[in-house]
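Step one of this worksheet: look at the structure below.
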Amino acid sequence: MSAIRLLVLGAVRQHGRAHGYQVRNDLEYWGAHEWSTAKPGSIYHALKQMAKQGLLVAHEVAPSAVGGPPRVEYEITDKGTAEYLALLREALTSYDQKRDMLSAALGFIVDLPRAEAVALLKERIAGLERWRAQVTEYYVPQDGPEQFGHIGEIMNMWMHSADSEAEWTHSLIGRIEGGAHTFAGEGEPFVGVLAEGEPNPYATGPHPEDPH
């Protein structure tokens, strides 16, 4: 599963309608270009591909002020919303996803009801615990990695990663259950997008008017 689909669908959904520059600007504002494949080319490609797949609908708006083709704004469809929520839920529960999937999911976790977010994170912990139990059938953590020679360092790294991931997830659940953040149905959520024309302090470079 690719994080770019979740990121782009979620960014468009937050705006209601957004053109490629807005999506790119938002994702750079979140630092997604540093921890995912959300680079300009992949963002524009994802927008066009998901429009072809019926997840987004493309609207041509006023022609570019610099003389290029009309700017295209994208709007998420019902099919796209269903895909977005499915990706979000899978990213929160699947403990074996790449880190960019979890990072993307955290950016949109408040689109879910609070109770559902907690339930999905608990499912993630259960998956980690099942995986850990399977590994410890062969590897005894207290005996150290030397029991398998230098190859044991691989399993030792996996165990530490699983334990720290579970600890972090427990702490996140605690914060959510304690009332942190504003989730779906609870009121006005935190606005994590830039307003039209608002400068992006984390932009990777100048952005000419974008026709995508």
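Some values worked out for this structure:
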{"quantity": "Theoretical FRET efficiency, 1/(1+(r/R0)^6), r = Cβ-Cβ of LYS52 and LYS98, R0 22 Å, to 0.05", "calculated": "0.30"}
{"quantity": "Residue-span extension gain [GLU116 to ALA86] - 0.36 nm each, minus C-alpha spacing", "calculated": "9.5 nm"}
{"quantity": "Positive minus negative residues near TRP131 (Lys, Arg vs Asp, Glu; Cβ under 12 Å)", "calculated": "-2"}
{"quantity": "Candidates ILE176, ILE154, ILE125, ranked by Gaussian network fluctuation over the chain, Cα under 10 Å, top entry", "calculated": "ILE154"}
{"quantity": "Sites HIS160 and PHE190 - FRET efficiency at Förster radius 22 Å, r taken between beta-carbons, to 0.05", "calculated": "0.10"}
{"quantity": "Gain upon complete extension [ASP143, TRP35; 0.36 nm per residue less C-alpha separation]", "calculated": "35.4 nm"}
{"quantity": "Efficiency of FRET from Cβ geometry, THR136 and LYS79, R₀ 41 Å, rounded to 0.05", "calculated": "0.45"}
{"quantity": "Extreme residue, positive dipole direction of segment 113-183, given options ALA115, GLY152, ALA166 (C-beta unit charges)", "calculated": "ALA115"}
{"quantity": "Long-range amide H partners of LEU56 with built H, under 5 Å", "calculated": "ALA51, THR77"}
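Each reported figure results from applying straightforward, stated rules to the coordinates on display, with no laboratory input. Please read all numbers here as calculations on a predicted model, not as lab measurements. Note that we place each Cβ from the backbone using ideal geometry, even for glycine, and neighbour counts take in every protein chain shown.
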